[in-house]
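Some notes on the structure that comes next.
The values are calculated or read from the model by the stated rules, or taken from the named source; none is laboratory data. None of these values were measured; they are calculated from a predicted model. A quick note on method: Cβ atoms are made from the backbone with ideal geometry, for glycine too, and the neighbour counts reach across all protein chains shown.
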């Protein structure tokens, strides 16, 4: 369970808060999605969780333990984070990259144990990346790389997972595969918090949606509650309708042509 | 890296070290060297082997180990394949500190301490300049900041030397070009202290550097305290720069070249890259010093000039990849 309670973040040199009194809960066994327009504070949530931006006020807890700088590796054993962008600086085999997920469990000098090996094998099996274990990261396609990153996060062995735009640059097939995998992880009891632009897929897979706008929570609830044309239209500043997906019945957003400016 | 490659690296270091003791103005056969090591042979042979060449080879090896491992750690932690103590201005800062200590007639043990303080100041200055230029994440901006700080350090040394006596200036210039020609056992012991501590700290940080090389946000998510680990790497690199600069002056490009060679040999984890770079750096500097004193006898080339001649084409090739 990941919980943001009344979190505010103010970047240095900025007058507007990137997050302003935001409270979000991502309980175990659910897929919780944070959506919102560009610049709404979605990525700041993730950076605040890993301690890369200081909180002006409020608190973040994972499994009821407060997030603090003093217990970074304990936190990394509870929650894994897949950031929006990641470019390893040097060539690395997929096998070695996934093994880095065990970093928070290792001491300074100790070698890997059978627990580490088992966690890595489990993560590899769940993400189905065995075929590319011996390739280098540079040789992976976009979809393969995202799954490998997920495997690294699962190898951390926590019960919570946070992902920032995990399907950017992926085609429909790979995107669906990632969403289905996240759905399975939530069904297995993990707390999955997903930041995404893909409103329609989120509405189909997520149990709960949180809509951020200018650093504030503008709406939250089940997908049907949040996917309201009037609400989304004003936030995204674009005319749209919300229909029902004919195949699965989930609410689906359809953007219209821009209105002629008055 | 595989075991045979580690053994080859060790063998190469052993080989150039033996060659380093054998070759010079007075060539010695392997048998002569062994006899001198055992305390037999002529007085001249004993003096050449035990008081001149052995400490010189040992000091060159320590300098190379320090620069190689510092370069490997800096490249990993800054995610910048062009990072190394010399190009980041760290060595230059250490040189300013060391020259200041010499000018103030400080005792020998104080010279690397002053160098350490100078190196720390240079790192801080490089990071501030890079941030002001808006590109702490851009390898080229950080590099430019480092080169500028290094040039500033050189200028500071020149100013400090302006009123010095001729023989002091000559000695200082020789030292700014890098040299281990004045090697002595007390110097070797002093440098060994710095290099052993510095390399040990970097090896302890190696796993965190592996994660840091993935990017700061990802590293933070994996439990690395990014600011603290980065600072520790800088401090250890400054310690190594101080120890090597106090012993041998400015020797450039070793920290740049060696980690790439070690990675090309198959090292992926930073424990292997840092350890391998210590060995390969030692090998390369012992070999470079051998070239420096045997290429144009009886004259000696500055060690830093030899490493620069080897390193600059390599640097240009890496720069082309970045552009």
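With respect to being in a helix (DSSP H, G or I) and farther than 19 Å from residue B:21 by Cβ, residue B:291 falls outside the description. Screening residue B:100 with (1) within 14 Å of another protein chain (Cβ to nearest Cβ); (2) in contact (Cβ under 8 Å) with a residue 24 or more places away in the chain; (3) surrounded by fewer than 19 Cβ atoms within 10 Å (Cβ to Cβ) gives one miss only, at (1).
Taking the range B:72-98 as the range and being more than 17 Å from residue B:191 (Cβ to Cβ) and in a helix (DSSP H, G or I) as the test, the residues that pass are B:72, B:73, B:74, B:75, B:76, B:77, B:78, B:92, B:93, B:96. Checked against (1) in a helix (DSSP H, G or I); (2) closer than 29 Å to residue B:263 by Cα; (3) facing another protein chain (nearest Cβ under 7 Å); (4) within 17 Å of the chain's Cα centre (by Cα), residue A:101 meets all criteria but (3).
Regarding the range B:181-191, can at least one residue be identified that is away from chain A (no Cβ under 14 Å), crowded, with 24+ Cβ neighbours inside 10 Å and out of contact with any strand residue (DSSP E or B) (no Cβ under 8 Å at 6 or more places or on another chain)? Looking through the range B:181-191, at least one residue is away from chain A (no Cβ under 14 Å), crowded, with 24+ Cβ neighbours inside 10 Å and out of contact with any strand residue (DSSP E or B) (no Cβ under 8 Å at 6 or more places or on another chain). Among the residues of the range A:35-55, the one identified as on the phi > 0 side of the Ramachandran plot, more than 8 Å from every other protein chain (Cβ to nearest Cβ) and in contact with a helix residue (DSSP H, G or I) (Cβ under 7 Å, 6 or more places away or on another chain) is A:36. Applying a threshold of 6 Å to beta carbon distances and a minimum spacing of six or more residues, or different chains, the list of pairs starting in the range B:209-231 at a residue that is more than 7 Å from chain A (Cβ to nearest Cβ) and modelled with pLDDT of 95 or more and ending at one that is buried (at least 19 other Cβ atoms within 10 Å of the Cβ) and assigned to a loop (DSSP other than H, G, I, E, B) is empty.
Residues in the range A:158-177 that are more than 14 Å from chain B (Cβ to nearest Cβ) and surrounded by fewer than 23 Cβ atoms within 10 Å (Cβ to Cβ): A:159, A:168, A:169, A:170, A:171, A:172, A:173, A:174, A:175, A:176, A:177. Residues in the range B:21-39 that are more than 24 Å from residue B:296 (Cα to Cα), in a loop (DSSP other than H, G, I, E, B) and in contact with a helix residue (DSSP H, G or I) (Cβ under 8 Å, 6 or more places away or on another chain): B:39 only.
In summary, residue A:155 fulfils each of the numbered conditions (1) more than 18 Å from residue A:195 (Cβ to Cβ); (2) within 13 Å of chain B (Cβ to nearest Cβ); (3) touching a helix residue (DSSP H, G or I) at 6+ places or on another chain (Cβ under 8 Å); (4) surrounded by fewer than 23 Cβ atoms within 10 Å (Cβ to Cβ) with the single exception of condition (4). Of all residues in the range A:35-83, those being assigned to a helix (DSSP H, G or I), more than 23 Å from residue A:217 (Cβ to Cβ) and touching a residue at least 60 places away in the same chain (Cβ under 8 Å) number 3.
Screening residue B:266 against (1) surrounded by fewer than 24 Cβ atoms within 10 Å (Cβ to Cβ); (2) touching a residue at least 24 places away in the same chain (Cβ under 8 Å); (3) within 14 Å of chain A (Cβ to nearest Cβ); (4) assigned to a helix (DSSP H, G or I) leaves a single unmet condition, (4).
Every condition in (1) touching a strand residue (DSSP E or B) at 6+ places or on another chain (Cβ under 9 Å); (2) surrounded by 14 or more Cβ atoms within 10 Å (Cβ to Cβ); (3) more than 22 Å from residue A:166 (Cβ to Cβ); (4) within 14 Å of chain B (Cβ to nearest Cβ) holds for residue A:58 except the one numbered (4). Against the test of being without any contact (Cβ under 8 Å) to a residue 60 or more places away in the chain and under 24 Å from residue A:47 (Cα atoms), the options A:249, A:221 yield a single qualifying residue, A:221.
Can you pull out the residues in the range B:118-140 that are surrounded by fewer than 18 Cβ atoms within 10 Å (Cβ to Cβ) and in contact with a helix residue (DSSP H, G or I) (Cβ under 6 Å, 6 or more places away or on another chain)? Answer for the range B:118-140, where residues must be surrounded by fewer than 18 Cβ atoms within 10 Å (Cβ to Cβ) and in contact with a helix residue (DSSP H, G or I) (Cβ under 6 Å, 6 or more places away or on another chain): B:133, B:135, B:136. Taken over the range A:187-203, the criterion of being surrounded by fewer than 23 Cβ atoms within 10 Å (Cβ to Cβ) and part of a helix (DSSP H, G or I) is satisfied by A:187, A:200, A:201. On the stretch given as the range B:1-25, residues that are in contact (Cβ under 8 Å) with a residue 12 or more places away in the chain and surrounded by fewer than 13 Cβ atoms within 10 Å (Cβ to Cβ) total 3. For the range A:74-95, the tally of residues that are farther than 21 Å from residue A:1 by Cα and either surrounded by 20 or more Cβ atoms within 10 Å (Cβ to Cβ) or within 7 Å of chain B (Cβ to nearest Cβ) (or both) stands at 8.
Annotation: of all residues in the range B:50-94 being more than 14 Å from chain A (Cβ to nearest Cβ) and surrounded by fewer than 22 Cβ atoms within 10 Å (Cβ to Cβ), the one that is nearest to residue B:19 (Cα to Cα) is B:54.
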